[in-house]
């Protein structure tokens, strides 16, 4: 039997190869609530693309599963390794290689975190606009999960911001896709194919990301509503107004209680309003001019009042930021509260009202407690499912996902399929598409070593 | 030998199958200047997706090449059929199936033209924002070439607007990709893979497109410059200002002369300015409020003056529209003037200055005349090459494309590779990527019947 650890050490140096007890528990899991941790046979920390290419070739030669890992903040278990496999961890490839001011782009290694990038772009008056809610997440992980977040209603998701990639195929070949431009029709778009592929098509070793001028002025508007469906009905009209919200979220009663109490946040909503509010609409506007922001806020507030809001509050800047920050930590609240599973289904925005009614009906008929918040502007609903019985839980989740699929939705809006939603994905997706995806997978990874067990 | 015409007639009815002399010349070519027309053995006009699926299965059974055709306005020869093959033409599948106001989307058949869609969306105060400059182009063709155009600097290209597709694979299987949402991480993004694949991966039978609120107010700013590089230097600064132009073009002296004289257009530029102007910057701004438009125009005009413009003109609305319309017809001017080839290379925006210098040097050393205009905001340069000697022409084009590739560009920004740029594409692209693309092609089209000879 080959001395894999020795061969890996030849590539990266023995100090960057871990085995057995030297492998920290962190490497065995991500933040998924349902995926089981797995300790890999080897953890290796490459220092360069050339290292990664050699590691992949070694894995292919020895038919060893290989899983890439960024910060491990994913929610679908896609970076959980195989027990007999190699985990490639990117803490040594975490450099911002370039801020290209002429093209408004950043070139980053996969281990760079969102926080790290934001700090540097801020200094240039620029912003990388994808904020999936966990700033310690790595860009490599973001690319692989096509990370989204609250600002997607304005800027789109990771898919819309990644212009070029360097990736190592399952063959060990290094390819560079795309370029420092937003448009090209020169062969198939390999960049878009790798984005969101959850480590199954290639190991991403570099990404070129779009940056935008960072608007200086923003404001947060909060509106309690007596019914959730009033919010879901209002959303298309707000988007259609052309006012261009940065963030357009709904938060249900229970989640708002959890979010604000965990953050010790008082938003100044009077008790009598709180008592009749079943859900909250949160809208953030941004503008490059303060006067326009003020006008837009006024216009938005009047619009929302007309949609039946119980009241409309323009939050003081600090309270606004605190609410958004607290909303970003909603996952941790759900986890702390003992949620048994998370759902991040995306449905057509205009179907959210029907979808939420279906969710309520599943909750009732399975005796589960299902609450949440979501990116209302995108139809991306985040639900925490509380149901201690594993069989009933699986059934409830499957019914919630089936209901969304029947309305034209997709199983995951931004968390990915990973291992956590694989059963549901395979059961709900068209078998012809699954077979096509398998053939595409083979085109990239003929030996089937890249993250096997994820997606398929 | 099988009676293919008879079998096709069984599918769509004999009146929708053409052979021999009944095949109009229009079916033999697109608008490419260099691709040779080819008369197919069969033209078939399906009426439904089911028809298309049967036709593809028939083609696969009999190993017949199959090419899809929209309006035939492409510039790379990608819809030119094979002599022994089947041309699938979409004049009978040209219906707007739905304008979905809740989701701001349109669902169209492939034969729908941009003009047709614009007329309907206008009535709803919405817009499909891709304007590749030829409004008789079909949406099916736009999807297959990832059509761009002048508004890409604000809205992106077709790739950014197509949310879902129905397509027939080379196996005859019908798949529906994506959905009425802007974000999903649920398997590989098949939608993005088919977009820009020039008919080689599937036959698109339906597309779901994003619509936007149609801003009511727009203004056109024209600025002559003494040097083209002053414009290419100004572009990143205009984009970086956050003013968000809808259109950001440069037009060189010769092209501006051709464009305005063909359209009988007087832009009111005084003779003494015209004499020193080597290139023009054209910027269109749009806003949902007239007062903001006026402020933005003022700000932009001051900015441009600061970049060394010889003068700055805010065009009266009619002159502005006429200039943009005339610019959209620039291709016809180049064709009428006898251009021998067209180039639509895309380079990183910040490399345009260097790229144009390289182009000038190729023009000089090959004794060619190379002029143009382009989407300066995207680094997408449109060049007309005048060089009567075919060998020298090929060399000049190849050197212009190589120079752009060396600067990090791609062979085609929006026209596609088709047959017209195939030699150059294959020579300049990484062989590992070409092989990967071939394997992807096989995953979609194992029999290799879909538009063979295009791309590869």
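Please note which strands (runs of 3 or more DSSP E) are completely contained in segment A:9-97 and include at least 1 residues that are closer than 28 Å to residue A:384 by Cα.
Answer list for segment A:9-97: A:66-69.
Please give the helices (runs of 4 or more DSSP H) falling wholly within segment A:235-307 in which 1 or more residues are under 23 Å from the mean Cα position of the chain (by Cα) and either in contact (Cβ under 8 Å) with a residue 24 or more places away in the chain or away from chain B (no Cβ under 14 Å) (or both).
So the answer is A:253-263.
Residue A:453 versus (1) under 22 Å from the mean Cα position of the chain (by Cα); (2) more than 10 Å from chain B (Cβ to nearest Cβ); (3) outside any helix (DSSP H, G or I); (4) over 18 Å from residue A:35 (Cα atoms): which is the lone unmet condition?
(4)
Please work out which residue is farthest from residue B:197 (Cα to Cα), limiting yourself to segment B:421-443 and to residues that are out of contact with any helix residue (DSSP H, G or I) (no Cβ under 7 Å at 6 or more places or on another chain) and in contact (Cβ under 8 Å) with a residue 60 or more places away in the chain.
Only one residue fits best here, namely B:421.
When you go through B:29, B:104 one by one, which is the residue that is under 28 Å from the mean Cα position of the chain (by Cα), in the same structural domain as residue B:174 (by TED's automatic domain parsing), surrounded by 16 or more Cβ atoms within 10 Å (Cβ to Cβ) and under 24 Å from residue B:139 (Cα atoms)?
Sole residue among the options that is under 28 Å from the mean Cα position of the chain (by Cα), in the same structural domain as residue B:174 (by TED's automatic domain parsing), surrounded by 16 or more Cβ atoms within 10 Å (Cβ to Cβ) and under 24 Å from residue B:139 (Cα atoms): B:104.
Checking residue A:255 against (1) at pLDDT below 95; (2) not assigned by TED's automatic domain parsing to the domain that holds residue A:318, which test does it fail?
(2)
Hey, can you tell me all the residues within segment B:365-378 that are in a helix (DSSP H, G or I) and farther than 15 Å from residue B:389 by Cα?
Those that are in a helix (DSSP H, G or I) and farther than 15 Å from residue B:389 by Cα: B:376, B:377, B:378.
Are any of the residues in segment A:395-410 in a strand (DSSP E or B) and farther than 18 Å from residue B:100 by Cα?
Yes, because at least one residue in segment A:395-410 is in a strand (DSSP E or B) and farther than 18 Å from residue B:100 by Cα.
Does segment B:316-336 contain any residue that is over 14 Å from residue B:249 (Cα atoms), within 14 Å of chain A (Cβ to nearest Cβ) and either part of a helix (DSSP H, G or I) or in contact with a strand residue (DSSP E or B) (Cβ under 6 Å, 6 or more places away or on another chain) (or both)?
No, the conditions are met nowhere in segment B:316-336.
Could you count how many residues in segment A:134-158 are at the interface with another protein chain (Cβ under 10 Å from one of its Cβ atoms) and either in contact with a strand residue (DSSP E or B) (Cβ under 7 Å, 6 or more places away or on another chain) or more than 27 Å from residue B:378 (Cβ to Cβ) (or both)?
Final tally of qualifying residues: 5.
Considering only residues that are at the interface with another protein chain (Cβ under 8 Å from one of its Cβ atoms), assigned to a helix (DSSP H, G or I) and surrounded by fewer than 21 Cβ atoms within 10 Å (Cβ to Cβ), which ones fall in segment B:411-442?
B:432, B:433, B:434, B:437, B:439, B:442
Here is a check on your reading of the model: is residue B:350 over 20 Å from the mean Cα position of the chain (by Cα), in a helix (DSSP H, G or I) and within 14 Å of chain A (Cβ to nearest Cβ)?
yes
Looking only at segment B:159-170, which residues are farther than 15 Å from residue A:156 by Cα and more than 8 Å from chain A (Cβ to nearest Cβ)?
B:164, B:165, B:166, B:167, B:168, B:170
Going residue by residue through segment A:79-96, is there one that turns out to be within 14 Å of chain B (Cβ to nearest Cβ) and either surrounded by fewer than 21 Cβ atoms within 10 Å (Cβ to Cβ) or out of contact with any strand residue (DSSP E or B) (no Cβ under 8 Å at 6 or more places or on another chain) (or both)?
No.
Residues in segment B:171-187: is at least one surrounded by 24 or more Cβ atoms within 10 Å (Cβ to Cβ), outside the structural domain of residue B:67 (by TED's automatic domain parsing), in contact with a helix residue (DSSP H, G or I) (Cβ under 8 Å, 6 or more places away or on another chain) and under 19 Å from residue A:183 (Cβ atoms)?
Within segment B:171-187, one or more residues are surrounded by 24 or more Cβ atoms within 10 Å (Cβ to Cβ), outside the structural domain of residue B:67 (by TED's automatic domain parsing), in contact with a helix residue (DSSP H, G or I) (Cβ under 8 Å, 6 or more places away or on another chain) and under 19 Å from residue A:183 (Cβ atoms).
Residue B:316 fails exactly one of the following numbered conditions: (1) modelled with pLDDT under 95; (2) over 30 Å from residue B:212 (Cα atoms); (3) within 29 Å of the chain's Cα centre (by Cα). What is the number of that condition?
(2)
Look at segment A:318-361 and say how many of its residues are surrounded by fewer than 21 Cβ atoms within 10 Å (Cβ to Cβ) and free of Cβ contacts under 8 Å to residues at least 60 places away in the same chain.
Here the count works out to 7.
Find the residue count for segment A:172-214, including only residues that are at the interface with chain B (Cβ under 8 Å from one of its Cβ atoms), part of a loop (DSSP other than H, G, I, E, B) and more than 23 Å from the chain's Cα centre (by Cα).
Within segment A:172-214, residues that are at the interface with chain B (Cβ under 8 Å from one of its Cβ atoms), part of a loop (DSSP other than H, G, I, E, B) and more than 23 Å from the chain's Cα centre (by Cα) number 10.
The values are calculated or read from the model by the stated rules, or taken from the named source; none is laboratory data. All of these numbers come straight from a predicted model, not from anything done at the bench. All Cβ positions, even for glycine, are placed from backbone atoms using ideal geometry, and neighbour counts span all protein chains on display.
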